[in-house]
Amino acid sequence: MVSLADYSPEVRDEVKLVREQVATLHAQLTRWNLVVWTAGNVSQRLRSADLMVIKPSGVRYEHLTPGSMVVTDLDGNVVDGAEAPSSDTLSHAYIYRHMPEVYGVVHTHSTYATAWAATGRDIPCVLTMMGDEFGGPVPVGPFELIGSEAIGKGVVDTLKDHPGCPAVLMRNHGPFTVGADAEAAVKAAAMTEEVAHTVWAAEQIGTPKPIDPADIAKLNDRYQHVYGQH
Ligand SMILES: O=C(CO)[C@@H](O)[C@H](O)COP(=O)(O)O
């Protein structure tokens, strides 16, 4: 069995840093009310080796520490860690293998996004915030059972039809999000829940108005390339 001792000091240094980052980011899931009990997970892929760091399965967020984070290869084989990795490890690994631009993956069961997932409806792009973050609707992916890479394949296959979108609502299950790092994926999870809630509220008031696709593209380009500090 391969262990961290088989990797260079540079890789081991990055593992230490990413363990700290991923452990800290799990607190953002509870901060933004995206999870109940242990129902969500965060991972980040390393830049220096084909490894990833993910939450241990079923461990409460207040008990998570950098040292409890599990290191696996991109086939889900444990390389370092005292506890079993997340239930979704194989799916996170599949996403990393098939989306080379992705270095962060998050899964939650946040209430409003999961309610949309239960209906099988995409969240329509009726908010400027959706143009900004998603560049269109938040799509629904196929129903898949938990524990294999099937969910990961469903996420990748769905996002092929939605280039640049960082979120998929896996039907009857909940949101999976991706990003250039774990923090970006956590942000996408928080924004997914926010727009799921807002669009649901809009549908209680009336019929939300669609945004012209050309304007959605302009919103997304500005937000992705101009917004914020550069
Ligand atoms: O979706 C599911 C179970 O329905 C899992 O993703 C859990 O919600 C989190 O599992 P662990 O990461 O703690 O194994």
Out of 158, 177, sole residue that is open to solvent by 10 Å² or more (accessible area, probe 1.4 Å) and touching a strand residue (DSSP E or B) at 6+ places or on another chain (Cβ under 6 Å): 158
Residue ranges of strands (runs of 3 or more DSSP E) in region 19-111 with at least 1 members within 13 Å of the ligand (Cβ to nearest atom): 41-45, 51-54, 70-73, 104-107
Tabulated pairs, region 200-218, first closer than 22 Å to residue 120 by Cβ, second assigned to a loop (DSSP other than H, G, I, E, B), C-beta under 8 angstrom, 6+ apart or interchain: 202/126; 202/208; 208/124; 208/126; 210/124; 210/125; 210/126
Selected residue [open to solvent by less than 10 Å² (accessible area, probe 1.4 Å), farther than 24 Å from residue 4 by Cα and more than 15 Å from the ligand (Cβ to nearest atom)] from 152, 131, 164: 131
Yes/no for residue 184 being in contact with a strand residue (DSSP E or B) (Cβ under 6 Å, 6 or more places away or on another chain), surrounded by fewer than 21 Cβ atoms within 10 Å (Cβ to Cβ) and of a type in the set (A, V, I, L, M): yes
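The values are calculated or read from the model by the stated rules, or taken from the named source; none is laboratory data. Everything numeric here is computed off the predicted structure, so don't read it as measured data. Positions of Cβ are backbone-derived with ideal geometry, glycine not excepted, and every protein chain shown enters the neighbour counts. Just the protein is used for accessible areas: all its heavy atoms, side chains included, with ligands, DNA and RNA removed. Shrake-Rupley method; radii C 1.70, N 1.55, O 1.52, S 1.80 Å.
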